[in-house]
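Chemist: Next up is a structure, given as structure tokens.
The values are calculated or read from the model by the stated rules, or taken from the named source; none is laboratory data. Note that the structure is a prediction, hence the values are computed from the model and not measured. Cβ placement follows ideal geometry from the backbone for every residue including glycine, while neighbour counts extend to all protein chains displayed.
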Amino acid sequence: MPLTELLPFLRELSYSDKLLLLHFLGGELLKDSNLTPLDAQGKVASQGLHDSFEAAAVLAKALAEEKVATRG
């Protein structure tokens, strides 16, 4: 079915259905490009870095070491 035939139906979709369609099409484009969506890469992608206390501790330590190294 050509896109010109689909457009009228797509315009009638609800907001949430349009978002689902956008998500679906994005996934299809990633598959066609042999890329992996972020949400399919495992735990790190699903667990936001802003929620990682361990990552925050490592960053704080690195910043403290950098501060000591640059200011003596």
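Chemist: Would it be correct to say that residue 17 is acidic (Asp, Glu), in a helix (DSSP H, G or I) and at pLDDT 90 or above?
Modeler: yes
Chemist: Inside the stretch 51-62, can you point out the residues that are at pLDDT 85 or above and either surrounded by fewer than 10 Cβ atoms within 10 Å (Cβ to Cβ) or not hydrophobic (A, V, I, L, M, F, W, C) (or both)?
Modeler: Within the stretch 51-62, 61 is the sole residue that qualifies.
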